[in-house]
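Read-outs: derived from the displayed coordinates by stated rules, not from any lab. Predicted model only: the values in this text are computed from it and were never measured. Cβ placement follows ideal geometry from the backbone for every residue including glycine, while neighbour counts extend to all protein chains displayed.
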Amino acid sequence: MKPNIGISEIKLEAVTDILSEMLANEVMLYTKTRKFHWNVSGESFMELHKLFENHYKQLEESIDEVAERISKLGGKTIGTMEEFVKLSAVKEYPGKYPPSREMIMELLGDHETVIVLLRKAVDDCTEKYKDAGTTDFLTGLMEQHETIAWTLRRYF
C-alpha cells in the first residue's frame, strides 16, 4: 500500500531517489572507514583505530536509519554493492592502503563531499518536494557528518 501522507507519489519517488544516493554514500563511507580501522598503523595506531571504530559505528546506525526512511516513504531500499557503487559519490580505491595521515585526509574529503550533497538534498526536500520530515532527517544526518569532519579536521 502506498503511503497517503500529503506528498504526491512523484515527489515521494524523487525523495526516495535522494535517500538512495545518501544510503549508497553511507555504505561506501562505512566500508572505507572499516577498512582503515583494520589497516591503520603507526604511532597513533590505537587512537585512530578507536576513532575509526567510533565513526563506522555511527555510520552503521545511519545506514539503517536511511534505509528505514526510504521504507517509510513507500520506496524499496537498494541493497547490493553494485547499486551502492553506482549511486555513491564516495569512491573506492581497491588495493590502496595509505598511511594514517592520508586515511584521515581521504575520510575528511569524503565526509565533506557528503555534507555538500546533503546540503543540496535538504534544500531540494524543502523547496521542491515540500517534505519537512525528510528535510529534518537529512539535516540531522548532515550534522553527524559535520561533527565527524570536524573531528578529522582537528588532526591537521
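Values for this structure:
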read-out	value
Translational diffusion of the chain, µm² s⁻¹ [Kirkwood Rh, Cα pairs; Stokes-Einstein; 20 °C; 1.002 mPa s]	133
Rough spin-label spacing in nm, given labels placed 7 Å along Cα→Cβ, for ASP123 and LYS11	1.9
Listed residue (GLY95, ILE148, THR126) projecting farthest to the positive dipole end of the range 9-153, Cβ model	GLY95
Cα centre as origin, Lys/Arg/Asp/Glu Cβ charges: the chain dipole, Debye	160
Order by protection proxy (mean Cβ within 10 Å, highest first), peptides 46-56, 14-24	14-24, 46-56
Two-site label geometry, LYS76 and LYS96: point separation in nm, points 7 Å out along Cα→Cβ	3.3
Contour excess over end-to-end distance, with Cα ends at LYS2 and ASN39 and 0.36 nm allotted per residue	8.9 nm
Shape of the range 81-131, Cα gyration tensor, a/c cut at 1.5	oblate
Leading residue at positive end of dipole, the range 5-60 (Cβ point charges), from VAL15, TRP38, TYR56	TRP38
Contour excess over end-to-end distance, with Cα ends at ASP64 and PHE156 and 0.36 nm allotted per residue	30.0 nm
Whole-number percent relative contact order across the range 9-153, with pairs defined as alpha carbons under 8 Å at least 6 apart	30
